[in-house]
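No value in this document is a laboratory result; all are computed from the given coordinates. Given the structure is predicted, the values throughout are model-derived calculations rather than measurements. FYI the Cβ positions are ideal-geometry reconstructions off the backbone, even for glycines, and counts take in every protein chain you see.
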Amino acid sequence: MTTGATPPTAPRRSRARTFVPLSIAAWLVLEIWLLTLVADAAGGLAVLALLVGGAVLGGVVIKRAGRRAFRTLTETLQQQQTGQGPAVGAGSPGSGTGSKGNGFLMLGGLLLMLPGLISDMAGLVLLVPPVRSRLARYTEQSVESRMRVAAPGSLGDAFQQARIHRPDGKVVQGEVIRQDATPPRSYEDEGPRPPLTP
């Protein structure tokens with residue numbers, strides 16, 4: 001006996017789930033191939049020195065970025081406690097871009113720590129301040145444009161609602177009063193309440 005119902009189809013795999021593993025595998029093969037080329041040309045000790053130097057430099061960069069992020073967080077908390085709004089573009093002295101691009105600085109350090117020449121080159125590119133600031137600006141604009149078109153009730157919509165604040169960074173306390181709601185009951189008119197029992 002047959003019915004008119006169509007059999008369920010398997011859900012389609014997203015492009016990211018298909019291409020991300022393939023791109024990671026291609027990147028690993030390319031890294032190993034480049035390391036063997038450098039080892040043939042310059043020797044195994046040169047490759048070892050490159051890998052150790054990249055790991056040490058990456059550790060230093062991540063440590064510096066972490067200190068800068070902690071210092072920025074501490075300054076922001078102190079300014080909020082004293083009632084001052086955070087200054088626009090505030091950052092550590094001499095940082096150039098402030099706290100913008102600090103995540104990309106950490107990513108650059110992480111890429112330097114990974115063994116491989118392509119990851120080291122990408123990490124070195126992320127150490128350049130203009131590149132970091134442009135990437136931070138592009139990422140911020142991309143996230144904001146996606147948040148604007150977020151469907152109501154989605155996670156993006158909730159994140160956008162949470163980010164609404166005044167330009168000076170102050171939180172405005174308020175109370176919502178519904179006109180059609182009944183006034184709250186007053187327990188003072190009913191007399192004392194019985195104690196709570198477990």
Worksheet, complete the sentence: Ordering 21-32, 112-123 by per-residue average of other C-beta atoms within 10 angstrom, highest first, gives 112-123, 21-32
Worksheet item: If you find the alpha carbon centre of segment 52-83 and of segment 107-152, how far apart are they in angstrom?
Response: 17
